[in-house]
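See below for the structure under consideration.
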Amino acid sequence: MIKKAEAEVFKRISFGVIAAVFLILSVAGLGFAQEATPGQGLEISPPLVELNTDPGKTVSFEIRLRNITQGTLIAKSDVDDFVAQGEEGQPKLLTEANAEPSPYSIKGWARAIPEVRLVSQEVKATTITLDVPADASPGGHYGVVRYTAAPPELEGTGVALSASIGSLVLIKVSGDVKESAKFEEFFTTQSGKRKSFFEYGPITFVERVKNEGNVHFKPIGTVRITNMFGKEAGVLTINEKGGNVLPASIRKFEQTLNSKWMFGRYNAEANIQYAGKNISGSLSFWVIPYKLIAVVLGGLIALFLAIRWFLRKYVQRAISKASSTPKKPKKK
């Protein structure tokens with residue numbers, strides 16, 4: 001009986017250990033799959049929607065979802081507002097957890113969005129409809145249509161397969177729209193450090209553009225660099241990716257001049273166009289490869305001293321040889 005009881009206990013312990021190991025491996029495998037899969041279950045397109053409309057109008061657009069998992073998913077949506085966060089163009093979602101009043105809200109404009117059922121690798125399109133209020137303020141309004149996904153067996157449990165993904169929505173409502181921008185700063189950096197004196201390239205140019213209006217805009221422009229003789233050393237494109245600057249925010253743009261060997265004083269002029277208007281900024285910087293110059297000068301000085309030493313030795317040897325040679329007696 002004792003041996004039978006011990007065997008039963010051992011069996012239970014063994015089963016528990018195996019179950020624990022299986023659970024650990026399952027969680028680890030799930031984490032790996034999520035990290036390795038873009039969108040963590042869903043793909044969405046387009047990532048950005050830009051619309052122009054009038055107060056009191058209805059606008060619609062299409063969002064496409066793709067299930068990139070091996071099973072069936074139920075995708076549910078939410079519409080939230082967002083504002084600019086930092087200067088890199090990152091959005092900050094204003095969800096219920098961090099709710100803040102936004103003067104650019106679209107949260108209450110969306111009609112009910114049906115859930116989407118997707119089998120593995122299936123793509124479906126959903127039409128999103130927004131009713132713009134008749135008293136909507138002119139200018140920009142911003143939101144995001146977010147989707148979270150879960151397998152059918154988890155539907156209603158509040159458990160999602162992964163973090164949500166979404167399409168950002170930028171709307172321009174007609175009326176008394178104010179479009180105004182300011183060059184907040186224009187400077188140069190290297191390896192993340194702000195400076196105007198460099199030993200060598202590459203050199204990064206940074207423009208901080210402030211939106212002082214009530215609507216987003218997409219700046220474009222160039223940075224033109226000339227050397228101390230007025231010759232063009234490079235032309236760089238500002239905002240190649242087509243990023244927007246939201247109202248009451250600053251957006252930072254960066255471009256890199258990849259020339260390594262430069263010398264002297266340089267001038268740079270940045271010209272930016274937006275909404276048919278222009279802003280500009282200028283700066284100067286120096287590039288002096290002082291370490292290389294020091295090495296070259298040191299080498300030249302060493303060569304000069306060596307030549308001087310050898311010449312001195314040669315002269316001394318010649319004089320010594322001449323003085324040690326016996327003079328022949330003069331013939332009478």
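Just so it is clear, none of the values below were taken in a lab; they were calculated from the coordinates. Since the model is a prediction, treat every value here as computed from it, not as a measurement. Note that we place each Cβ from the backbone using ideal geometry, even for glycine, and neighbour counts take in every protein chain shown.
Tell me the net charge near Ala112. Cut-off is 14 Å between Cβ atoms, Ala112 excluded, with +1 for each Lys or Arg and -1 for each Asp or Glu. Spelling it out: positives minus negatives among the neighbours equals 0.
Taking Cβ atoms as reference points and 12 Å as the exclusive limit, the residues near Glu207 contribute a net charge of 0, counting Lys and Arg as +1 and Asp and Glu as -1.
Which value, in debye to the nearest 20, describes the size of the charge dipole of the range 76-149 about its Cα centre when Lys and Arg Cβ atoms bear +1, Asp and Glu Cβ atoms bear -1, and nothing else is charged? List each step's numbers first, then the result.
Values: 7 positive and 11 negative charges, 68 e Å.
My answer is approximately 320 debye.
Using the Cβ of Pro289 as centre and a radius below 13 Å, the other residues enclosed give a net charge of +1, where K and R count +1 and D and E count -1.
Here the spin labels are modelled as points 7 Å beyond Cα on the Cα-Cβ line, and at Ser196 and Phe304 they lie 3.3 nm apart. Note on Thr72 and Glu240: their simple-model spin labels are 4.6 nm apart, each label 7 Å out from Cα toward Cβ. By the Cα gyration tensor, the range 124-226 has an equivalent ellipsoid whose semi-axes, rounded to whole angstrom, run 40, 26, 11 from largest to smallest. Take each peptide in 296-303, 103-110, 178-185, count the other Cβ atoms within 10 Å of every residue, and average; sorted highest first, the result is 103-110, 178-185, 296-303.
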